[in-house]
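J.: Supplied in structure tokens, the structure appears directly below.
The values are calculated or read from the model by the stated rules, or taken from the named source; none is laboratory data. Owing to the predicted nature of the structure, the values given are computational and were not obtained by experimental measurement. Note that each Cβ is placed from the backbone with ideal geometry, even for glycine, and that neighbours are counted across all protein chains shown.
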Amino acid sequence: MEQKYFCKHCGSEIKKVYLPVDSDWGVEYLFICINDDCGYFRRGWDWMWNNYHVHASYRFMFNPFNGYQGPYPVTKENDIKNAYLEKIER
């Protein structure tokens, strides 16, 4: 049984998200909070606009390979949610 991880901002279980082969993360997958009501994600839209003038936000991310926790950038609410939740045969 795979270990479960939780968002430190909203408490939701974070999901294993498989990354594209050409991603810059250097790993096959990350665990990412896909809760659209997460305050970290919701506040991120205003923060990114006010500080960088870009329409983007971020979701909480955990890298199980090195223990890093931090933001995973997104430009739309459905970025990552619809694309990589299941392993794609390569």
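J.: Are any residues in segment 26-39 outside any loop (DSSP other than H, G, I, E, B) and crowded, with 20+ Cβ neighbours inside 10 Å, and if so, which ones?
T.: Just the residues of segment 26-39 that are outside any loop (DSSP other than H, G, I, E, B), to begin with: 29-32, 39.
Selection gives L30, F31, I32.
J.: Follow-up question, since we're still on this one. Can you tell me which residue within segment 54-69, out of those that are aliphatic (A, V, I, L, M) and surrounded by 15 or more Cβ atoms within 10 Å (Cβ to Cβ), is nearest to the chain's Cα centre (by Cα)?
T.: Checked segment 54-69; the qualifying residue nearest to the chain's Cα centre (by Cα) is M61.
J.: For segment 26-55, which residues satisfy the criterion of being over 16 Å from K76 (Cα atoms) and in contact with a strand residue (DSSP E or B) (Cβ under 9 Å, 6 or more places away or on another chain)?
T.: E28, Y29, L30, F31
J.: Please find, among K4, K81, K16, K76, the residue that is in contact with an Asp or Glu (Cβ under 9 Å, 6 or more places away or on another chain) and loosely packed, with under 12 Cβ neighbours inside 10 Å.
T.: Result: K4 is the single residue among K4, K81, K16, K76 that is in contact with an Asp or Glu (Cβ under 9 Å, 6 or more places away or on another chain) and loosely packed, with under 12 Cβ neighbours inside 10 Å.
J.: Okay, moving on. For the list (1) assigned to a helix (DSSP H, G or I); (2) modelled with pLDDT under 95, I need the number of the one condition that R43 fails.
T.: (2)
J.: Can you run down the residue pairs with Cβ atoms below 9 Å, 6 or more apart or on separate chains, where the first is in segment 42-57 and in contact (Cβ under 8 Å) with a residue 12 or more places away in the chain and of a type in the set (S, T, N, Q) and the partner is surrounded by 13 or more Cβ atoms within 10 Å (Cβ to Cβ) and assigned to a helix (DSSP H, G or I)?
T.: Taking only residues 6 or more apart or on different chains, the pairs are S57/Y40; S57/F41; S57/R42; S57/R43; S57/G44; S57/W45; S57/W47; S57/M48.
J.: Still on this structure, I have one more. Here is a list of conditions, (1) at pLDDT 95 or above; (2) part of a loop (DSSP other than H, G, I, E, B); (3) under 18 Å from D79 (Cβ atoms), and K8 meets all of them except one; can you say which number that is?
T.: (3)
J.: Which of (1) assigned to a loop (DSSP other than H, G, I, E, B); (2) in contact (Cβ under 8 Å) with a residue 24 or more places away in the chain; (3) not β-branched (V, I, T) does S23 not meet, given it meets every other one?
T.: (2)
J.: Quick check on my filter: what residues within segment 46-90 are acidic (D, E) and either within 10 Å of I32 (Cβ to Cβ) or modelled with pLDDT under 95 (or both)?
T.: Within segment 46-90, E77, D79, E86, E89 meet the criteria.
J.: Something else: M1 - would you say it is of a type in the set (A, V, I, L, M), free of Cβ contacts under 8 Å to residues at least 40 places away in the same chain and more than 19 Å from E77 (Cβ to Cβ)? Spell out how you get there, then give the answer.
T.: Numbers: of a type in the set (A, V, I, L, M): yes; free of Cβ contacts under 8 Å to residues at least 40 places away in the same chain: yes; more than 19 Å from E77 (Cβ to Cβ): yes.
Considered against the rule, which asks whether it is of a type in the set (A, V, I, L, M), free of Cβ contacts under 8 Å to residues at least 40 places away in the same chain and more than 19 Å from E77 (Cβ to Cβ), M1 comes out as yes.
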